[in-house]
Amino acid sequence: MTDTMDITEYLAKGGRLTNPANVPTRYRAELMKIMATFVDSELAGAAGFADVINAGPGIKERIAAARIVLEKTDNADKVLKLMGQFGANTDRYANHHPWSDRLARDTAPGAQRNEHDMRLSVLNYPLDGWTDAVVMNMLMGIAVGVQLAEFLTSSYQPFAEAIREVEPREKRHTELAVEGIEKLIAQGETAAVQDSTAYWWPRVSESFGTGVSPRSDALKAMGLRSKSNADLHAEWMTAAAAQLDKLGLTQPK
C-alpha cells in the first residue's frame, strides 16, 4: 500500500512511468483502455479507407488513401506492441474483430456495434464514396489531432513517445483531406461536400463521449488525461468550424 501511495503521489505531481513492472493495477487498467481505443480506432479507420482506395478519382488520390491505410495500420502496431508488454495477445489482436464491419448508414449518431470493440463510435458508420470519405477524414482528423495532443502528455512515457511518432502522420492525413476537399469544391462538388459534412459532423461530435465523466478526475490524477471530454469537444468544435469557414462551407446546426 505504501508503494502504491508513493506512486499515486508521484503521478499526481506530474511524474512519469516507463516500465510495466512499476504500474499500479488501476493505472494499468485505465492505460490499457486508452491504448485499446487508439489501436481499435486506427485499425477500423484503416479498414474503412481500404474499401475506398479504388474510388479515388485519380492516381494521386488513390496513393493518398493507400498511404492512410498503411500508416494507420502501422500506428496501431506501435501502440499494440506496448499493450503486448502488459500481456496482450498481439498475434491474435489484429484478427479479433471484423474491422471493416459497420452499422447501417442511417443509424443514429453515437451508436456502438460491440462492447468488446473499443473503436470510437464514429468509426462504426460506413463511408459512402470518395467525397464522403474525404470529408469524414478531415473532420475526424481534426478530432484525432485534439486527442493526440492530450496523449503527448501521458504519464506513461512509452505511450507518449509512440504518439509523438504518430502525431505528424495523422496531421498529414488531415492535410490530405483538406487538399482533397479543396479539389472537389473547385470541381463544383460543394453541395455533395456540404451534405457529407452534415452527416459526419454529429457523428464525430459524439466520439468525444459525454461532457462529464466520472473517470475524468481519476485519469487526471494518474496523469493519463489533462482535460475533460467537454474541453476536448470544445477544442474540436472551434478548430473544425474554423476549417469549414476557410473552405467556404457551413457548419451544421
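Any chance you could give the angle, 0 to 90 degrees and rounded to 10, that helix 25-50 forms with the longest Cα principal axis of the chain? Helix 25-50 and the main axis of the chain meet at about 20 degrees. Overall, the accessible surface of region 193-253 at a probe of 1.4 angstrom is composed of carbon and sulfur to the extent of 53 percent.
A 1.4 Å probe run over the protein chains yields, for region 115-196, 38 Å² of accessible area per residue, whole-number rounding. Modelled spin-label separation between Glu115 and Ala29, with each label point placed 7 Å from Cα along the Cα-to-Cβ direction: 1.5 nm. Could you tell me how far the Cα centroid of region 135-157 sits from the Cα centroid of region 160-174, in Å? Using only Cα atoms to place each centre, the spacing works out to 8 Å. Working from Cα pairs under 8 Å separated by at least six residues, relative contact order for the chain is 23 percent.
Proximity of backbone amide H atoms, modeled 1.01 Å from N, is registered between Tyr156 and Leu17 at under 5 Å, excluding neighbours fewer than 5 places apart on the same chain. Computed from backbone phi with θ = phi - 60° and the Karplus coefficients 6.51, -1.76 and 1.60, the 3J(HN,Hα) list for region 233-245 is 4, 5, 4, 5, 4, 5, 5, 5, 5, 5, 5, 4, 4 Hz; x is used for glycine and proline.
Here Asn22 and Thr250 are evaluated by their C-beta separation; at R0 = 51 Å the FRET efficiency comes out at 0.50. In the assembled protein chains, Glu167 presents an accessible area of approximately 70 Å² (probe radius 1.4 Å). Given (1) 76, 44, 31; (2) 66, 37, 31; (3) 53, 35, 34 as candidate values of Cα extents along the principal axes in Å, which corresponds to the one derived from the coordinates? Checked against the structure: label (2). A full extension of the chain between Gln157 and Lys220 corresponds to an added length of 21.2 nm, given 0.36 nm per residue minus the alpha carbon distance. Among the protein heavy atoms, those of Val135 account for about 0 Å² of accessible surface (1.4 Å probe, every chain in place).
Can you tally the net charge around His233? Count Lys and Arg as +1, Asp and Glu as -1, for every other residue whose Cβ sits under 11 Å from the Cβ of His233. Around His233, the surrounding residues sum to -2. Pairs exceeding 26 Å between alpha-carbon atoms, taken from Lys171/Lys246; Lys78/Lys220; Lys60/Lys81; Lys33/Lys60: Lys60/Lys81; Lys33/Lys60.
Projected label points at Asp6 and Ser100, each 7 Å from Cα along the beta carbon direction, are separated by 5.2 nanometres. Distances longer than 19 Å among the Cα atoms of region 5-151: what percent of all pairs is that? The share of Cα pairs beyond 19 Å in region 5-151 comes to 58 percent.
The values are calculated or read from the model by the stated rules, or taken from the named source; none is laboratory data. The model shown is predicted, which means the values in this text are computed figures rather than measured ones. Quick reminder, even Gly has a Cβ in these numbers, built from the backbone with ideal geometry, and neighbours come from all protein chains shown. Ligands, DNA and RNA are stripped out before the accessible areas are found, and what is left, the full protein with its side chains, is counted by its heavy atoms. Shrake-Rupley method; radii C 1.70, N 1.55, O 1.52, S 1.80 Å.
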